[in-house]
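Here is the structure we will look at.
All of the numbers you see were taken from the coordinates with simple rules; none came from a lab. Computed from a predicted structure; not experimentally measured. We place every Cβ from the backbone using ideal geometry, glycine too, and count neighbours over all the protein chains shown.
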Amino acid sequence: MTSVVDAVGLGRRYGRTWALRDCTLDLPAGKVIGLVGPNGAGKTTLLHLLVGLLRPTTGTVTVLGHSPGHPQTRSRLGFIAQDKPLYRGFTVAETLRMGGWLNLGFDHEAATLRMTGLDIPLDRRVGKLSGGQYAQVALALALGKRPDLLVLDEPVSNLDPLARRDFLRTVMEDVAESGRTVLFSSHLIADLERTCDHLVLLSASRVQLSGDVDDLRANHVMLSGPSSHVDAIAAAHTVVQADYGERQASLLVRASGPIHDPTFTVRPASLEELVLAYMSSPRAGATPHLRLAVAS
Amino acid sequence: MIEFQLDNSSGVATYLQLAQQVRHALRLGLLRPGDQLPTAREVVAKLAINPNTVLKAYRELEREGLVGARPGQGTFVQRTLAGGDPATQVRLRRDLDRWLATARKAGLDAEAVEALYRAAMRDTFLGSEDVA
């Protein structure tokens with residue numbers, strides 16, 4: 001499978017603080033990739049490194065086969081920053097015209113059709129649009145460029161549920177048509193669950209997890225059973241998170257095979273449980289076969 | 001045409017939910033051979049989900065021989081799905097009733113039976129998509 005992003009040991013430091021460390025990532029083409037992590041985990045730093053707005057302190061990265069600032073990469077990449085900067089005094093039509101002037105091969109007709117299809121008046125000033133419409137104009141501008149990779153930084157975080165659904169629907173319909181690769185960050189696990197093939201989880205400035213969503217879900221299970229048996233489970237599988245009661249323990253486990261211990265009840269882990277477990281125990285992803293002491 | 005719905009709280013992967021809904025419709029006779037499944041584009045427009053998920057569900061059903069893709073036209077139902085022939089169903093049900101009576105006599109309540117059943121299901125159908 002071809003990669004759109006290939007990062008090795010990527011890191012970025014601000015003064016004495018590392019915003020991102022040891023980031024080694026291989027992101028597949030033709031997928032919708034979700035980037036999730038707590039605030040301050042390094043999501044925006046990673047995205048800015050990928051689109052060439054930041055230079056790495058350590059490591060290397062290629063995006064679409066070249067370094068991020070390379071003209072070849074820049075012309076094939078669409079990016080919407082978290083604050084979705086647009087000229088508020090421009091009308092929608094003027095904004096799209098600007099897109100055509102600034103980008104070679106801009107599909108002005110498709111961008112205009114997108115606006116009329118969503119009942120967004122072309123003569124309205126961008127500053128007067130609703131939040132949802134404003135986001136759609138930013139998206140039309142990015143898609144008009146017909147990029148091979150679309151990068152979105154928290155695109156729906158400030159939208160109401162309906163506008164959020166409409167925005168994601170527009171992105172997904174475009175993917176259905178174009179097969180474009182999309183990389184977007186979000187806090188909303190339900191949205192990621194509906195839209196992503198691949199998930200990258202950043203926590204404490206490091207990549208804790210990166211993989212196919214269905215594989216991740218198939219490999220992770222929730223277990224509950226006697227605390228005294230946890231050591232045996234941890235010897236055979238990776239315990240990502242453990243909550244201990246006096247006798248009973250509840251575990252989220254990355255299973256290396258079937259769980260044979262009959263004293264444990266097993267059920268599939270939801271994506272939310274999985275994400276929360278890795279977020280709250282950073283290092284679990286980096287350390288296979290983490291050993292855990294049983295609280296007595 | 002089948003109308004897909006998603007249960008976000010079920011914890012079941014989206015593509016499995018879609019495939020299960022098609023199988024369910026086939027068992028109930030709501031979908032018949034020759035019927036067309038909605039295109040990925042149509043499902044995406046309704047549910048705002050990843051089109052790859054829809055294609056993955058359809059590939060799964062194709063692998064099971066339940067549907068087939070006709071290039072340029074779409075995906076169509078190829079055969080129905082029955083839960084075994086009626087005589088077999090009756091026999092299996094009788095065996096199950098007998099087994100349940102034995103379990104009850106041995107002092108197992110409904111929850112204990114269910115736990116046992118789940119464990120047995122897991123061991124028997126491990127790796128199959130209906131049971132995690």
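Miscellaneous remarks
- When the test is whether a residue is farther than 30 Å from A:Phe167 by Cβ and part of a loop (DSSP other than H, G, I, E, B), B:Arg79 passes it.
- When restricted to residues that are within 11 Å of chain A (Cβ to nearest Cβ) and either touching a residue at least 60 places away in the same chain (Cβ under 8 Å) or not in a helix (DSSP H, G or I) (or both), segment B:103-123 contains 0.
- Residues located in segment B:38-69, provided they are part of a loop (DSSP other than H, G, I, E, B) and either within 14 Å of the chain's Cα centre (by Cα) or more than 9 Å from chain A (Cβ to nearest Cβ) (or both): B:Pro38, B:Glu64, B:Gly65, B:Leu66
- Matching residues, segment A:162-186, being farther than 27 Å from A:Leu49 by Cα and acidic (Asp, Glu): A:Asp166, A:Glu173, A:Glu177
- Taking helices (runs of 4 or more DSSP H) as the structural unit, those lying wholly within segment A:112-205 and holding at least 1 residues that are within 11 Å of chain B (Cβ to nearest Cβ) and out of contact with any Leu (no Cβ under 6 Å at 6 or more places or on another chain) correspond to A:161-178, A:189-195.
- The criterion of at least 3 residues that are away from chain B (no Cβ under 14 Å) and of a type in the set (A, V, I, L, M, F, W, C) is met by the following strands (runs of 3 or more DSSP E) wholly inside segment A:5-102: A:17-28, A:77-80.
- Residue pairs meeting the criteria (Cβ under 8 Å; at least 6 apart or on separate chains; first within 11 Å of chain A (Cβ to nearest Cβ), in segment B:4-23; second of a type in the set (Lys, Arg)): B:Leu6/A:Arg194; B:Asn8/A:Arg194; B:Gly11/A:Arg267; B:Ala13/A:Arg217; B:Thr14/A:Arg194; B:Tyr15/B:Lys56
- Members of segment A:96-111 found to be out of contact with any helix residue (DSSP H, G or I) (no Cβ under 6 Å at 6 or more places or on another chain) and crowded, with 18+ Cβ neighbours inside 10 Å, listed by number: A:Asn103
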